Amino acid sequence: MQTLATPTTTSNNTFNQPNIDTTIKRRKTRPVKVGDVTIGGSSPVVVQSMINEDTLDIDASVAAIRRLHEIGCEIVRVTVPSIAHAKALAEIKQKLIKTYRDVPLVADIHHNGMKIALEVAKHIEKVRINPGLYVFEKPDANRTEYTSAEFDEIGDKIRETLEPLVISLRDQGKAMRIGVNHGSLAERMLFTYGDTPEGMVESALEFIRICESLDFRNIVISMKASRVPVMLAAYRLMAKRMDDLGMDYPLHLGVTEAGDGEYGRIKSTAGIATLLAEGIGDTIRVSLTEAPEKEIPVCYSILQALGMRKTMVEYVACPSCGRTLFNLEEVLHKVREATKHLTGLDIAVMGCIVNGPGEMADADYGYVGKNPGYISLYRGREEIKKVPEDRGVKELINLIKADGRWVDP
């Protein structure tokens, strides 16, 4: 499990400018406990992922959950498509406790899932349901509308099916995620609100109201879509409606089916980071068509870039230009390899003196090309020493050691 450093906000008032708070102010939400992890409240944004092993394969599932948790995934989701899978999850949980530790798990329940959900709620900390699929409505190709009576009749069926699960989770002190997906809205929501963020929000609110009527509020909400603009609109509207209604449930952010590679990462970041920067979001998952382990570094990079969690060294480096006095890409690589384990530090590598001290003002240490063949090392804004280029990295390490901030890899 990675060690997390608490982010700090630095402000340099050298030029008598007023202090401006650059920290992101998150929307106030209630804390929701998922095992030993808390989503919402004053807790840091929680990182999640999902294994892709068949839950019936106990050993493979345990190994996959452990791999994710060891690299920083705090809550792991497991698909549970049948009663057999639900019972297997009990064995997975016990084997985790026996061979590793008790990792908070989420069971993913889909079509007509009441019996599965009730079984799985006995064994794990959180159940995720999809309002569009929990009570499946068979599409009618000849339908032109839903009457109020038909709409309410299905609403009653949903309550009847959801109530036993809510009571079970409530009485056990466990959690639920109401996970709305743009691509699987219930037919009556599509007819009433269209294929829109409004339909997504109303779908979630219907389930929230049933939970509240049963005095259950250990709820997390997600409004995922595969298109970023739809995802953004749905989460913003959900946050506004909850604020208007006096609800304070945490939000789980994600762009579903984001794909793979560079574009999958950019697409996920565009959606998740935009909302986090607005103060919306309490837990995140980056959904990539790759091994789940590849998702965790992207999550932490998003959170670090926004100053919300610090799990690695922050490197500030200029893009290089004609003024650069050394091979910037090569030197940055050398500095990174020597210092990347020093979680919590900010280190700047700048190619020349023109932008160096100013652009790296918030860094703990600076490595600047000031004269041909020489490197100037800085502590904050203060130049400490000038050394030959071939000794630059070694002398940077010595400076960090002298300050008592070095730890061995």
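For the chain, what does -39500 (n - 2.57) per DSSP helix run (n ≥ 4), summed and divided by total residues, give at 222 nm, in deg cm²/dmol to the nearest 500?
After summing the helix terms and dividing by the residues of the chain, the value is -12500 deg cm²/dmol.
Radius of gyration and Dmax for segment 175-275's Cα atoms, expressed in Å?
Computed over the Cα atoms of segment 175-275, radius of gyration and Dmax are 13.7, 44 Å.
Quick one: net charge around I71, please, counting Lys, Arg +1 and Asp, Glu -1 for every other residue with C-beta under 12 Å from its C-beta.
Taking every other residue near I71 into account, the sum is -1.
Hey, could you get me the Stokes-Einstein D for segment 29-175, Kirkwood radius over alpha-carbon pairs, 20 °C and 1.002 mPa s, rounded to whole µm² s⁻¹?
The Stokes-Einstein estimate is 129 µm²/s.
If you rank M200, M114, M360 by fewest surrounding Cβ atoms within 10 Å, what's the result?
M114, M360, M200
Below 8 Å, C-alpha to C-alpha, sequence gap of six or more: please give me the relative contact order for the chain in percent.
Relative contact order for the chain comes out at 15 percent.
In whole Hz and in residue order, list the ³J(HN,Hα) couplings for segment 270-282 that follow from phi through the Karplus curve 6.51 cos²θ - 1.76 cosθ + 1.60, θ = phi - 60°; x for Gly and Pro.
4, x, 5, 5, 4, 6, 4, 5, 8, x, 9, x, 10
What does DSSP give for the chain in terms of the percent of beta bridges that are antiparallel, rounded to the nearest 5? The partial results should precede the final answer.
Working: 16 of 52 bridges.
Bridges in the chain that DSSP calls antiparallel: roughly 30 percent.
Would you mind classifying the chain by shape? Square roots of the alpha carbon gyration tensor eigenvalues, ordered a ≥ b ≥ c; an a/c under 1.5 is rounded, otherwise it is prolate if a/b is larger than b/c and oblate if not. Walk me through the numbers before you get to the answer.
Numbers: a/c = 2.59, a/b = 2.00, b/c = 1.30.
It comes out prolate by the Cα gyration axes.
Rounded to whole Å, give me the distance from the Cα center of segment 20-39 to that of segment 279-299.
For segment 20-39 versus segment 279-299, the Cα centre distance is 17 Å.
Cut-off is 10 Å between beta-carbons; in what order do Y367, Y193, Y300 appear when sorted fewest neighbours first?
Details: Y367 29, Y193 16, Y300 22.
Ordered by Cβ neighbours within 10 Å, fewest first: Y193, Y300, Y367.
Which net charge results for the neighbourhood of G259, defined as the other residues with beta-carbon distances under 13 angstrom from its beta-carbon, given Lys and Arg at +1 and Asp and Glu at -1?
It works out to a net charge of -1.
Quick one: R391, R27, R177, R77, fewest Cβ neighbours within 10 Å first, how do they rank? Walk me through the numbers before you get to the answer.
Values: R391 12, R27 17, R177 28, R77 23.
Taking fewest neighbouring Cβ atoms as first place, the list is R391, R27, R77, R177.
Provide the net charge surrounding P197, with neighbours chosen by a C-beta distance below 13 Å and charges set as Lys +1, Arg +1, Asp -1, Glu -1.
+2
Could you pull out the trypsin sites (Lys or Arg not before Pro) across segment 242-296 that fall in loop regions by DSSP (anything but H, G, I, E, B) with no more than 14 other Cβ atoms inside 10 Å?
Counting only loop positions with at most 14 other Cβ atoms within 10 Å, none of the trypsin sites (Lys or Arg not before Pro) in segment 242-296 qualifies.
Would you be so kind as to identify which of A305, G279, S268 lies farthest towards the positive end of the dipole of the chain, taking Lys and Arg as +1 and Asp and Glu as -1 on Cβ and the Cα centre as origin?
Value computed over the given set: A305.
FYI, it's all coordinate maths here, none of it is from the lab. This is a predicted model, so every value here is computed, not measured. No Cβ is skipped: glycine too gets one built from the backbone with ideal geometry, and neighbour counts run over all protein chains shown.
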